[in-house]
Amino acid sequence: MHEAIHIDIFVVLLMVTATVAMSVKWIKLPYSIALVIVGLIIGLCHLLPPVELTPDLILLIFLPAVLFEASWNIQLSELRKSWMPITVLATVGVVINTLIVAFGMHYLANVALGPAFLFGAMIAATDPISVLALFRKLGMDSGLTMLLEGESLFNDGTAVVLFKLVLAIVLTGTSFSVAATAGSFLVVVLGGCATGALLGYAASRVTRLFDDHLLEITLTTILAYGSYLIAEHLQVSAVLSVVAAGVIIGNYGSRTGMSAGTRMAVNSFWEYTAFLVNSLIFLLIGLQIKFDLLVKYGVQIGVGIFLILIARLVVVYGLCPFIGSKSHKIPWKWRHMLFWGALRGSVCMALALSLPEKFAYREMITITTFGVVLFTLLVPGLTIQPLVKLLKMNLKDPRREQYKRLKAQLITKKRAVTFLKDQFTTGAVSAASFEGLNSQLENERDALIKRIDDLHLEDLSITAVEEEALKNRVADLEKDCLRQLVKEGQLTEEGLHLIELESSANES
């Protein structure tokens, strides 16, 4: 009977998420934010029995799925371009955030230094899911989206590591050592990345042995949760292990060991899984809020909100001028988005809930964390779209958008023609079937080429955009070629450095 009740609640939660998903098609509200608001209403009106959001539910069941889906879809080429700012924001930024929030809570809210550092570490993990969804919907620059998503994925890992190190010091009462803590931090972070990368590579090799979408889905599921559990067993970063595994199999295994049909099936599975998990997370966040406790710890929550904004301001505007390359500087408008779009979410709440029951500051830290998370979801979360419009960052050119669509269709048609010719050459398709379908595809391809040529004549700026994109792709190809020559021993690291300096001088 007890299990039946849980199944009933789960079905009701699914019905609520489906209803909200349909409603936001007409109500201009981010889906995840709408779920939080609905969760708040349900909890306030006691429309459902209490549903406990446990740390195990988030960290062991929900989090690996969300992390794997996001890292599976990350383009390694885009990640390479932004690796420096992402790395600095996810490491140095997390430390700076922790220090500012910790000392601020200690001096402004009279919280003991140990618990203050715990709160500072856990609240450093960003979770901009709703912001990223909005950015993709508005067609925002992929570089900005990569920065925000990459920082979120990696700072989840570094913040969790830092939290666990601080928690061990607070609970055991051992003296704090900067050198020892920094050393442990690096070992756990790098160990997590290495573990995930090795498992991702091994799984990628296994995918070559068969082509069955059900087996491939099962393999990726094992990889997502297995990389998390193995990293936990090895006492390295489980979060970074999942991220590294997802990036490797998403960029290597899916391209070398999966057919197009299998890759689409795996994509669909993880897309739905992430949608379901994220929906439940945001709905359950709203259900956890207890308004009487929010009032009780109102001072701490207010101070916490003030401090995370100050800390984020220092991190973004203080570090960004120094972490962008000459060719990939972080524009001011991007910095505004990075500052205001750094929402907090499920990871912060899971870490707060994971505090021992007997810990004296548990209730205060947990409720303060919930209050801060609620603020970031409702205030920056609801105002990010007006800010985008205010900064004029989403002004779409209809002709350029049409050009992008036509270009994508043309690439698809050309690949289809190539595939069909390969099938005919190998004898998999008869001459009669080939000629009919090939003629149709070539006609459609030629029609697309003509429409694109017409657009070039109507808007000369499209040619400039195309040339700029082509130059960037050629530059990336040249860089990859130079790195390969270094690996093969045909070019020294010093020679590569001189070539890069000459290229930078020519660009400037």
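Read the figures in this text as sums done on the coordinates, not as results from a lab. Remember, it's a predicted structure, so these values are computed and weren't measured experimentally. Every residue, glycine among them, receives a Cβ derived from its backbone with ideal geometry; neighbour counts consider all protein chains shown.
At 222 nm, what value in deg cm²/dmol follows for the chain if DSSP H runs of at least 4 each add -39500 (n - 2.57) and the sum is divided by all its residues, to the nearest 500?
Numbers: 22 runs with 397 residues, N = 508.
Computed ellipticity for the chain at 222 nm equals -26500 deg cm²/dmol.
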Query raised in the report: Mean Kyte-Doolittle of at least 1.0 and a Cα length of 18 Å or more along the axis: which whole DSSP H helices of the chain meet both?
Result: 2-23, 31-45, 83-108, 142-172, 178-207, 298-323, 362-378
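Can you tell me the dipole magnitude for the chain around its Cα centre, using point charges on the Cβ only (Lys, Arg +1; Asp, Glu -1), in Debye to the nearest 20?
Working: 41 positive and 42 negative charges, 182 e Å.
Charge dipole, the chain, about its Cα centre: 880 debye, nearest 20.
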Report summary line: Quick note on Met22, Met364, Met105, ordering by fewest other C-beta atoms within 10 Å, gives Met22, Met364, Met105
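For a footprinting-style exposure proxy, rank Ile96, Ile411 by other Cβ within 10 Å, fewest first. Before the final figure, lay out each step's value.
On the way: Ile96 18, Ile411 11.
In order of increasing Cβ crowding within 10 Å: Ile411, Ile96.
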Report summary line: 1/(1 + (r/R0)^6) with r = Cβ-Cβ of Leu186 and Ala432, R0 = 45 Å, i.e. FRET efficiency to nearest 0.05, evaluates to 0.10
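Normalised by the residues of segment 2-390, what does the relative contact order come to in percent, with Cα pairs under 8 Å and at least six apart?
Values: 520 pairs, mean separation 112.4, N = 389.
Computed value for segment 2-390: 29 percent relative contact order.
With only alpha-carbon atoms in the gyration tensor, what are the semi-axes of the equivalent ellipsoid for segment 1-77, in Å, largest first? Don't skip to the end; give the middle numbers.
Numbers: eigenvalues 130, 83, 25 Å².
Values for segment 1-77, descending: 26, 20, 11 Å.
What do you get when you divide the Cα radius of gyration of the chain by 2.2 N^0.38 Å, with N the number of residues?
On the way: Rg = 25.0 Å, N = 508, 2.2 N^0.38 = 23.5 Å.
Ratio of Rg to 2.2 N^0.38 Å for the chain: 1.06.
Report the calculated FRET efficiency for Val474 and His6 (r = Cβ-Cβ distance, R0 = 45 Å), to the nearest 0.05.
On the way: r = 56 Å, r/R0 = 1.25.
E between Val474 and His6, to the nearest 0.05, is 0.20.
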Query raised in the report: Using modelled backbone amide H atoms (1.01 Å from N, in-plane), which distant-in-sequence or interchain residues come within less than 5 Å of Asp127's amide H?
Result: Leu343, Arg344, Gly345
